[in-house]
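The next block holds one structure in the form of structure tokens; read it before the comments.
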Amino acid sequence: MSIVLETKLPNLYLRGKVRDTYNLGDQLLIVATDRISAFDVVLPCGIPDKGMVLNRLSAFWFEKTAPLVPNHMINVVDDIGLLDKYHPPGGGYQYPSYLVGRSMIVAKAQRIPVECVVRGYLSGSAWVEYHQSGSVFGIQLPQGMEESQKLPQPIFTPTTKAESGHDQPLSPEEMNHLVGEIIAEELREKSLAIYSYAQGYALSRDIIIADTKMEFGLADGKVILIDELLTPDSSRFWDASQYVIGRPQSSFDKQPVRDWLTQSGWNKEPPAPMLPPEITEQTTQRYREGYRRLTGRALGEC
């Protein structure tokens with residue numbers, strides 16, 4: 001297993017915590033690296049195969065949900081020859097082989113500056129808020145609920161899309177002011193529709209999607225899904241066979257990393273410490289197993 005932390009291609013458009021985006025003219029190339037972040041800090045080490053899982057799982061969900069909401073995906077780079085027509089100025093450039101499987105050609109879109117979060121279960125910051133106030137993002141919930149309990153119905157809890165630091169909650173009025181009432185309602189409806197479909201599908205694969213976040217953009221005046229979709233980085237995937245109300249759940253994500261960092265005594269300020277090999281391996285296996293359960297095939301299988 002190789003680890004891809006840095007990508008150095010021509011025409012860098014945007015570098016995020018995990019993904020690097022390059023300008024291909026009318027399209028973009030998004031590369032999912034093996035970088036991992038925790039508590040808003042990028043770690044100095046990577047998780048083998050993480051980028052592959054994120055890229056291929058996003059592609060899987062983009063294909064499945066396309067009838068519900070269009071998205072920006074054009075092609076997953078399964079063959080480096082797909083990039084032959086995208087030569088940078090001067091020509092003669094050979095794209096590196098590590099792009100295969102971990103990159104995607106997408107349509108350009110105008111990003112809508114909202115994180116569209118849907119919650120189906122009481123977990124994470126939602127559980128903390130409910131425990132203190134009986135509500136989540138101002139939405140009053142029934143009394144006496146427990147950690148990890150299923151909500152009476154999924155709730156839409158959008159936040160700002162922060163360039164750095166933490167995203168901030170958006171009230172319905174703030175969201176209407178930010179993007180307009182029509183777009184705000186469309187984002188809410190599309191987010192809930194995607195979650196409802198994905199949650200039903202995932203349950204048939206013994207996975208609970210506790211919550212997820214999505215991003216949307218505008219292309220030709222229409223709202224489309226962009227960035228990633230329903231991955232272990234953007235969602236809480238719980239093992240349905242081990243689900244027990246009243247406690248944290250076993251999940252297919254970077255929880256071993258968060259747990260180890262918390263126990264290490266790290267102050268959650270850069271730089272982050274290097275992970276032990278056993279934590280790296282545990283996390284890789286969780287990402288791979290989540291992918292296998294959801295798609296029905298092991299990573300690398302067609």
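The values are calculated or read from the model by the stated rules, or taken from the named source; none is laboratory data. As the structure is a computational prediction, the values presented were derived from the model and not from experiment. Glycine also receives a Cβ, built like all others from the backbone with ideal geometry; neighbour counts cover every protein chain displayed. We work out accessible area using only protein heavy atoms, side chains counted, and drop any ligands, DNA or RNA first. Shrake-Rupley method; radii C 1.70, N 1.55, O 1.52, S 1.80 Å.
State yes or no: is Asp49 at pLDDT 95 or above, out of contact with any Asp or Glu (no Cβ under 6 Å at 6 or more places or on another chain) and not aliphatic (A, V, I, L, M)? The answer is yes for Asp49. Condition check for Met52 on (1) touching a helix residue (DSSP H, G or I) at 6+ places or on another chain (Cβ under 8 Å); (2) closer than 28 Å to Asp167 by Cα: one failure, at (1). Within region 108-129, residues that are closer than 30 Å to Gly25 by Cβ sit with their Cβ atoms under 7 Å from residues that are in a strand (DSSP E or B) and open to solvent by 50 Å² or more (accessible area, probe 1.4 Å), at 6+ positions apart or across chains, in these pairs: Ala109/Leu218; Gln110/Leu218; Ile112/Leu218; Glu115/Lys213; Cys116/Lys213.
Restricting the search to region 214-229, which residues are open to solvent by 50 Å² or more (accessible area, probe 1.4 Å) and either touching a residue at least 24 places away in the same chain (Cβ under 8 Å) or aromatic (Phe, Trp, Tyr) (or both)?
Leu218, Lys222
Number of residues in region 176-188 that are open to solvent by 40 Å² or more (accessible area, probe 1.4 Å) and within 16 Å of Arg119 (Cβ to Cβ) equals 1.
Screening region 40-56 for residues that are surrounded by fewer than 17 Cβ atoms within 10 Å (Cβ to Cβ) and not β-branched (Val, Ile, Thr) and picking the one that is nearest to Gly92 (Cα to Cα) gives Pro44.
Kindly check whether there is at least one residue in region 244-252 that is over 17 Å from Ser37 (Cα atoms) and either in contact with a Leu (Cβ under 8 Å, 6 or more places away or on another chain) or without any contact (Cβ under 8 Å) to a residue 12 or more places away in the chain (or both). Checking region 244-252: not a single residue is over 17 Å from Ser37 (Cα atoms) and either in contact with a Leu (Cβ under 8 Å, 6 or more places away or on another chain) or without any contact (Cβ under 8 Å) to a residue 12 or more places away in the chain (or both). The residue that is nearest to Lys64 (Cα to Cα), counting only those in region 253-267 that are open to solvent by less than 40 Å² (accessible area, probe 1.4 Å) and in a loop (DSSP other than H, G, I, E, B), is Asp253.
Reported count of residues in region 1-32, each being within 13 Å of the chain's Cα centre (by Cα), not basic (Lys, Arg) and not in a strand (DSSP E or B), is 2. Is it the case, given these coordinates, that Ala162 is under 26 Å from Asp220 (Cα atoms), surrounded by fewer than 21 Cβ atoms within 10 Å (Cβ to Cβ) and at pLDDT below 95? So Ala162 fits the description; yes.
The condition of being of a type in the set (S, T, N, Q) and within 17 Å of Leu14 (Cβ to Cβ) holds for only one of Ser103, Ser97, that being Ser103.
Please pick out the residue among Val118, Val136, Val128, Val114 that is closer than 21 Å to Ser250 by Cα, open to solvent by less than 60 Å² (accessible area, probe 1.4 Å) and among the hydrophobic types (A, V, I, L, M, F, W, C). Just one listed residue meets the conditions, Val118.
Comparison of Ser37, Ser97, Ser2 shows that the only residue that is closer than 30 Å to Gln199 by Cβ, open to solvent by 10 Å² or more (accessible area, probe 1.4 Å) and among the polar types (S, T, N, Q) is Ser37. Scanning region 217-229 for residues that are in a loop (DSSP other than H, G, I, E, B) and either of a type outside the set (Gly, Ala, Ser) or within 27 Å of Asp49 (Cα to Cα) (or both) turns up Asp220, Asp227, Glu228, Leu229.
For the residues Pro248, Pro232, Pro270, the requirement of being part of a loop (DSSP other than H, G, I, E, B), crowded, with 20+ Cβ neighbours inside 10 Å and of a type outside the set (S, T, N, Q) singles out Pro232.
The residue that is surrounded by the most Cβ atoms within 10 Å (Cβ to Cβ), counting only those in region 277-302 that are assigned to a loop (DSSP other than H, G, I, E, B) and on the phi < 0 side of the Ramachandran plot, is Leu299. When residues in region 62-94 are screened for being assigned to a strand (DSSP E or B), open to solvent by less than 40 Å² (accessible area, probe 1.4 Å) and of a type outside the set (A, V, I, L, M, F, W, C), 1 of them pass.
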